[in-house]
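What follows is a short report on a single structure.
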Amino acid sequence: MKVWYGFMGVVALMILAGVGVQALGLQTLFGVVVPYAAMGIFLVGVVVKILSWARSPVPFHIPTTCGQQRSLSWIRSSYLDSPHTKFGVLCRMGLEVLCFRSLFGNTKMAVRPGPKVVHGPTQWLWAGAMVFHWCMLVVLLRHLRFFAEPVPAFVGAITSLDGFFQLGLPELYLTTAGLLGGLLYLLARRIWVPQVRYISLPADYFSLFLLIGIATTGILLRHFIKIDLESVKGFALGLVAFVPVLPVQAHYLFYVHVFLVSILLAYFPFSKLMHFAGVFLSPTRNLANDSRARRHVNPWNAPVKTHTYAEYEDEFRERMVGAGLPVEKT
Ligand code: HEM
């Protein structure tokens with residue numbers, strides 16, 4: 001049922017944009033007003049969210065739960081899991097953001113005859129996530145050819161590398177296939193693995209179907225409808241320059257594509273997709289584990305009036321000596 005909520009939500013959005021453009025002629029609404037509103041919600045939402053996270057108190061360096069911290073020279077420390085320098089933190093963060101290192105250590109549980117519960121490593125989720133995220137990044141970078149004039153040289157280089165195998169005409173980009181393939185794998189895993197299905201929410205399916213909808217309409221535009229790219233470029237440049245020009249006679253699926261992207265942008269700050277920013281703000285990842293080498297004092301500790309033993313003895317020395325109690329200073 002939860003799958004259907006996500007699926008029907010995206011289908012409803014697609015019908016809304018299709019009918020709005022095709023039957024009601026609301027091109028300006030779906031091509032200009034909604035994208036600008038969505039971009040506004042995205043920018044404000046992301047900034048507010050990041051500021052609210054940045055304001056959370058982090059009084060101490062929080063060591064990760066795994067990896068030996070550096071202490072005595074003869075105890076081997078785990079430099080990447082538990083770095084004690086800023087450079088080590090940078091390496092840990094780099095590997096996490098670029099290679100999803102923690103996901104690589106994923107495990108799965110199964111019940112074997114006996115019955116016996118066994119745990120073992122599994123890298124499928126890591127592989128699916130890597131394929132999806134990297135392909136999505138390349139697809140977005142390729143889209144820069146619509147939004148920038150002149151088109152940056154690296155966009156041309158990525159595009160020709162991506163179409164290297166020249167499959168079909170227009171050629172199929174490897175990352176287009178990777179993006180859709182990765183998304184379908186992540187969806188299938190949620191539906192077919194009982195443990196994952198149990199913890200999945202409609203919001204999890206909605207994000208996946210939304211991205212699948214964007215990728216599918218994009219593929220239809222490129223390979224089947226063959227939209228006029230000149231007018232798309234004029235439209236995209238107009239949006240960026242705040243002088244919007246609607247693409248001439250664009251197919252309604254183009255508006256559906258743009259509308260789904262707008263929904264993604266507006267939904268982003270309120271969804272789990274914010275992990276793209278959250279990963280940088282996670283204290284267990286972005287702090288060095290040097291609590292054995294350095295004393296960390298809570299910066300907002302209230303000043304406490306102390307009374308040391310030396311001061312105590314100074315105050316009561318005579319009476320202590322009189323009562324026959326031992327003292328440090330005579
Ligand atoms: C989250 C953002 C977006 C994603 C993930 C996305 C995804 C895709 C994908 C997977 C394709 C298939 C071909 C390819 O890989 O290049 C595509 C094509 C296309 N997209 Fe997007 N898109 C996004 C945003 C946009 C925006 C904002 C526009 C508006 C200008 C746009 C316009 C197009 C057009 C015109 C095509 C057909 C390209 C061609 O014929 O070569 N896309 N999109």
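Which residue is farthest from the chain's Cα centre (by Cα), if the candidates are limited to region 198-213 and must be touching a residue at least 60 places away in the same chain (Cβ under 8 Å), surrounded by fewer than 18 Cβ atoms within 10 Å (Cβ to Cβ) and part of a helix (DSSP H, G or I)?
Restricting to residues being touching a residue at least 60 places away in the same chain (Cβ under 8 Å), surrounded by fewer than 18 Cβ atoms within 10 Å (Cβ to Cβ) and part of a helix (DSSP H, G or I), the top hit is P202.
Hey, among the residues in region 185-229 that are hydroxyl-bearing (S, T, Y) and more than 30 Å from L246 (Cα to Cα), which one's farthest from the ligand (Cβ to nearest atom)?
Across region 185-229, the extreme among qualifying residues is Y198.
Which pairs have Cβ atoms under 6 Å, sit 6 or more apart or on different chains, and link a residue in region 161-182 that is within 10 Å of the ligand (Cβ to nearest atom) to one that is among the acidic types (D, E)?
Listed pairs, sorted by first residue: G163/E171; Y173/D162; L174/D162; T175/D162.
Please enumerate the residues belonging to region 76-93 that are touching a residue at least 40 places away in the same chain (Cβ under 8 Å) and either farther than 11 Å from R285 by Cβ or touching a Cys at 6+ places or on another chain (Cβ under 6 Å) (or both).
Once the filter is applied, which keeps residues that are touching a residue at least 40 places away in the same chain (Cβ under 8 Å) and either farther than 11 Å from R285 by Cβ or touching a Cys at 6+ places or on another chain (Cβ under 6 Å) (or both), region 76-93 yields S82, H84, T85, K86, G88.
State all residues of region 160-176 that are of a type in the set (S, T, N, Q) and over 14 Å from W134 (Cα atoms); if no residue qualifies, say none.
Scanning region 160-176 gives S160, Q166.
Taking the stated definitions as given, is P269 in contact (Cβ under 8 Å) with a residue 40 or more places away in the chain, in contact with a Lys or Arg (Cβ under 6 Å, 6 or more places away or on another chain), within 30 Å of L201 (Cβ to Cβ) and surrounded by 11 or more Cβ atoms within 10 Å (Cβ to Cβ)?
Yes, satisfied.
Condition (residue is touching a Leu at 6+ places or on another chain (Cβ under 7 Å) and surrounded by 11 or more Cβ atoms within 10 Å (Cβ to Cβ)) applied to region 115-124: is it met by at least one residue?
No, region 115-124 has no match at all.
Which residue is modelled with the lowest pLDDT, if the candidates are limited to region 236-255 and must be β-branched (V, I, T) and away from the ligand (no atom under 11 Å from the Cβ)?
Step by step, filter region 236-255, then rank; the result is V248.
When both residues are 6+ apart or on different chains and their Cβ atoms are under 9 Å apart, which pairs have a first residue that lies in region 215-240 and is assigned to a loop (DSSP other than H, G, I, E, B), and a second that is at pLDDT 95 or above and surrounded by 15 or more Cβ atoms within 10 Å (Cβ to Cβ)?
Here the result reads I227/L221; I227/L253; I227/F254, each pair linking region 215-240 to a residue that is at pLDDT 95 or above and surrounded by 15 or more Cβ atoms within 10 Å (Cβ to Cβ).
Would region 86-101 turn up any residue that is loosely packed, with under 15 Cβ neighbours inside 10 Å and in a loop (DSSP other than H, G, I, E, B)?
No, region 86-101 has no match at all.
Any idea which of (1) outside any helix (DSSP H, G or I); (2) of a type in the set (S, T, N, Q); (3) in the same structural domain as K49 (by TED's automatic domain parsing) is the one T330 doesn't satisfy?
For T330, the exception is condition (3).
Just one of F280, F276 is assigned to a helix (DSSP H, G or I), within 26 Å of V151 (Cβ to Cβ) and more than 9 Å from the ligand (Cβ to nearest atom); which is it?
Within the list F280, F276, the selection yields F276.
Please determine, by comparing only the residues of region 129-160 that are exposed (fewer than 14 other Cβ atoms within 10 Å of the Cβ) and closer than 20 Å to G213 by Cα, which one is nearest to the ligand (Cβ to nearest atom).
L140
Is it the case that V245 is closer than 23 Å to L24 by Cβ and surrounded by 10 or more Cβ atoms within 10 Å (Cβ to Cβ)?
So V245 passes the test.
Among the residues of region 33-55, is there at least one that is polar (S, T, N, Q) and assigned to a loop (DSSP other than H, G, I, E, B)?
No, the conditions are met nowhere in region 33-55.
On the given criteria, is V111 among the β-branched types (V, I, T), modelled with pLDDT under 90 and either outside any loop (DSSP other than H, G, I, E, B) or in contact with a strand residue (DSSP E or B) (Cβ under 9 Å, 6 or more places away or on another chain) (or both)?
yes
The values are calculated or read from the model by the stated rules, or taken from the named source; none is laboratory data. Remember, predicted model here, so these are calculated numbers, not experimental data. A quick note on method: Cβ atoms are made from the backbone with ideal geometry, for glycine too, and the neighbour counts reach across all protein chains shown.
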